[in-house]
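Please read the structure below before turning to the comments.
The values are calculated or read from the model by the stated rules, or taken from the named source; none is laboratory data. If you're wondering where the values come from, they're calculated on a predicted model, not measured in any experiment. Counting neighbours? That spans all protein chains shown, and the Cβs are built from the backbone with ideal geometry, glycine included. The protein model used for the area step is the full one, side chains on, heavy atoms only, and it has no ligands, DNA or RNA in it. Shrake-Rupley method; radii C 1.70, N 1.55, O 1.52, S 1.80 Å.
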Amino acid sequence: MSSQLTFPASSSSTLVEREHSNEEEDDDEEQEKSDSHLTHSKRYLGFIREIIGFVRSNQASLIPPEDARLLEDFGKDFSEDAQRLLICLWLRKSMKWHPVRRMKKLAGRLELDQERLKAVMSELCEDSRFAESQIQIDDALECLIVPQLQVIMGEPKQRPKRELVTRLKNDPRLYQLVYDTLESCIRIKMDIVRLLRRLILVYYHLNPLPPPLVPGSDDHAIANFEVKEGLWKHFGASRYRMRYEPFTHDYETLVKFELVNFPTPQKLRPTRVDNYLLIFDDVLDSVGTGQELPEPSAAVIAACRALNVAARHVLAGLVLERETIVSYSKLEKMNSDGRFNVVDHYTDVLRVFTERGVLFSDEANLDSLNRVKFKDLKVLAVKHKVSLRGIQVKTGSIKAFQEAFTQMRINSRCSIEDAVMRDVRAKLQEQRKRQLMLKPEAEQALEACITKYFRRHRISPSYIARRPFNDIRKQFITSEPFAIPYSDPIPISRSSQ
């Protein structure tokens, strides 16, 4: 007979709240204690497929097009190992980070060696709708155990974990060591957790849990019952009068019921920044091909699509916040995950933007000169033969450069102004002070595309957090006279660079 599954007892608090109580879980054994459901991992996956098929056949109106597409991709695009791992992590600690070192026993029970486990984790994270691997430094530090933190800091004396975490967090020079020590990690996306939970609620609403099996039942029947009862208890479905809840009336009611009864902990509530790129990519996917767009919009959209992920993420934050300046400080502010190192990416992002001349231009020459140090202006004056004789203040040197810019240089391929400003911008870039401005025509084209997108999307797609989506949408849509129904599909492409 199969061993009885164990699940947290039902209480007035939600499972999500229990999952994120203050627990250290500092060794592998402690982490693996809740993995008894792995005995039935194949049965759980089979039951999830049964639930998906049942709801799609009997309550199709509760699955909007985006969710339907996501469910189809889950069964089609992932290997059997990847599907089983996702379901196990979803059942284990659905919204916690899972470092690879804490999944040794899980991998063994799923018959995955270490290399195959890492490959399956990467497979899931390739589609940003299902899982993520880019962990913020705060979460990364919490995933490490005390001995690992001591090694990173070179601290021989054992100290409380909280003290070590605080000290490490205040020393960015050690961040890379933190990530190297942590290695691979994975977290299931919140929207997947919510989607599967909604389907389970609908399933049990229409298929109440059967009574316990009588003694003498065969192992197959017992195992199937344990799986069905396990999901029932795991999501606290026993707390509700399933037959009388109104959540199957329509999609909005179902979403509201799930959100109210399974609220996201404050710590895990997504911010706008987490959703900038998802929304911006949807905007780019929603517009026609370049040949169908009028100029200059066609050139702007083509340039946006050609950007790499880091540059596209920065641009997404700018236009969705209705800002027009990109700078080093802006990149720091938009540092939305612990692996995006603004020092490393700063030069690359600005280089990509300057190559796409249709999108950005440098700030006005006078503004650039004002942000160069006086001592650097003196060096530039000597190089370009601009006289600063008798000038002791920065404002005077800037006036001298402006006067020189009006002069012609004989037998030169560029003007004095062009030569000086090239060096000024190189110096600003070296000092991480360079600023680029979004061109007015690019701003107008993107504003029009974003507004059109939000008019077509009154409700956030399943892979975009609802609250941040609505907050951003309010900035672009002040009324709804021309809103198009939510069921109107827009092609979605989740390809990444």
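The figures follow:
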quantity	calculated
Potential extension, Val146-Lys76 segment - 0.36 nm per residue separation minus Cα distance	21.1 nm
Computed E for Arg422/Asn308 - FRET, C-beta separation, R0 41 angstrom, nearest 0.05	0.95
Most to least packed among 65-73, 375-383 [average Cβ atoms within 10 Å]	65-73, 375-383
Computed FRET value (nearest 0.05) for His220 with Leu177, which takes r as the C-beta separation and R₀ as 60 Å	0.75
Area of Tyr328 that stays accessible when all protein chains are in place (1.4 Å probe, Å², to 10)	50 Å²
Inter-probe distance in nm under a simple model that places probes 7 Å from Cα toward Cβ, at Val393 and Asp471	4.4 nm
Computed Kirkwood radius, in angstrom, where 1/r is averaged over Cα pairs of the range 68-166	15.3 Å
Measure of compaction for the range 420-461 (Cα Rg per 2.2 N^0.38 Å)	1.93
Given charges at beta-carbon only (K, R positive; D, E negative), |dipole| of the range 88-185 in Debye	540 debye
Semi-axis lengths (Å, descending) of the ellipsoid that matches the C-alpha gyration tensor of the range 354-396	27, 12, 8
Largest to smallest accessible area among Thr166, Thr478, Thr248 [probe 1.4 Å]	Thr478, Thr166, Thr248
